[in-house]
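One structure below.
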Amino acid sequence: MAISAMEFGSKAVAKSMASSCSTRLHLPTVASSICCARKGKLRQFCVKTGGDNCKVSADRVHGSKMNEVVHGIEASLTMGNGTAVLQDDDGGVMHTYRLGRFVEERYVYRQTFVIRSHEIGPDETATMETLMNLLQETALNHVMSSGLASDGFGATHQMNLRKLIWVVTRINIQVEKYSHWGDVVEIDTWVAASGKNGMRRDWMIRDCSTQKIITRATSNWVMMNRETRRLSKLPEQVREEVKPFYLDRRVFFDGSCDNEKIEKLTEETAVNIKSGLAPRWSDMDVNQHVNNVKYIGWIMESVPVNVLENYHLTSMTLEYRRECRQSNLLESLTYLTAAEEDPVNVNTSLHSIQLRSTHLLCLQEDKAEVVRGRAKWKCK
């Protein structure tokens, strides 16, 4: 049952909300707003207010625990007035915006999300960009919760001392099912070594109501100097920081991961080209380049509308080949084939055939490659 209470102004209202929400409320005369979950039971949810302490019980959504969060010693216990916080099993307080916990000792970090209305597309399901953003958020919170985070965007203390940042070189995501608005998903992530100077990060997304795995993803990362913008070797001091968190486990099995090289696409071989794509200020991240998730939207600009309307992306692989800055103009190229590798006429009905596509984002001025991509599509 969806319940929302705003501006509790009296004990009578508080009592009514307590009985409807099956929670314990201890509210002062002036309290901040709280919104109960759209689905499922909530317990052990705490709201801090400008007056006396107020605690509302809320620890489960769809049967999944929401309060087993233990962040690093840096976790703040004073969140300020009107800030929603969570209470752990020992009475500690954690920030809800970094909701997550370690499972399997320190190796796997798990975080729960509700799919929000602005994260769905025209077909009322989460978009590929939404999934990629959730993966990125979980990865960053993993670093924060481990106690390794420094001032950088996902950088450790030793990385920050050496002016180093992580940059992704390749990612493969495979989707079995897209979640709908209001669905609750659970994301697991872990890291492992990748060669001498890289790191691999894997993710697994489950539907909380069924516990079925609906998405798997893997990625490779290397280090870059944030000032010279040159790739760097992995310093031994950084390796020693992250090594205790390495888990030798792969999210894909039996060669199901797309590891093959992506062939270069040209203007002569592409069937659809979109030029004049300009990064906005909001597309930049704190590392002063375009956030890697933003490229997906530009790739989709050159995909025919009838494909977007009638197909779901079931797999996408991206190879990041160079940085993109706000001053750059981009060109997006797409080549489509059917399952039997025949070129697809974008002006005809595609019916229910399975599709494959190859993509390229390049700088419009000199055609320098920014991202190569490959995708698979399944009829909705």
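Since every read-out is calculated from the coordinates, none of them should be taken as a lab result. All of these numbers come straight from a predicted model, not from anything done at the bench. Neighbour counts run over all protein chains shown; Cβ positions are idealised from the backbone, glycine included.
3J(HN,Hα) couplings calculated from phi for region 305-313 with the Karplus curve 6.51 cos²θ - 1.76 cosθ + 1.60 (θ = phi - 60°) are, in sequence order, 4, 5, 6, 4, 6, 10, 10, 9, 6 Hz; Gly and Pro show x. A Cα-only calculation for region 202-299 places Rg and Dmax at 18.4, 49 Å. Near Arg321, the amide H atoms lying under 5 Å from its own belong to Val371, Arg372; only residues 5 or more places off or on other chains count, and H is placed 1.01 Å from N.
Near the amide H of Ile262, within less than 5 Å, lie no amide hydrogens of residues on another chain or at least 5 residues away, with H placed in the peptide plane. For the residue pairs Lys264/Lys376; Lys233/Lys294; Lys261/Lys294; Lys163/Lys367, the C-alpha atoms sit more than 25 angstrom apart in Lys233/Lys294; Lys163/Lys367. In order along region 162-170, the phi-based Karplus estimate (6.51 cos²θ - 1.76 cosθ + 1.60, θ = phi - 60°) of 3J(HN,Hα) comes to 9, 6, 10, 9, 8, 10, 7, 9, 7 Hz; Gly and Pro are listed as x. Peptides 360-373, 261-274 ranked from most to least packed give 360-373, 261-274, packing being the mean of other C-beta atoms within 10 angstrom over each peptide's residues.
Take the alpha carbon gyration tensor of region 144-208, find the square roots of its eigenvalues, order them as a ≥ b ≥ c, and report rounded if a/c is under 1.5; if not, report prolate when a/b exceeds b/c, else oblate. Prolate, because a/c is 1.5 or more and a/b exceeds b/c.
Classify region 145-271 as rounded, prolate or oblate, taking a ≥ b ≥ c as the square roots of the eigenvalues of its Cα gyration tensor: rounded when a/c is under 1.5, otherwise prolate if a/b is larger than b/c and oblate if not. Provide the component values of the computation, followed by the final result.
Values: a/c = 1.93, a/b = 1.25, b/c = 1.54.
Since a/c reaches 1.5 but b/c is at least a/b, the shape of region 145-271 is classed as oblate.
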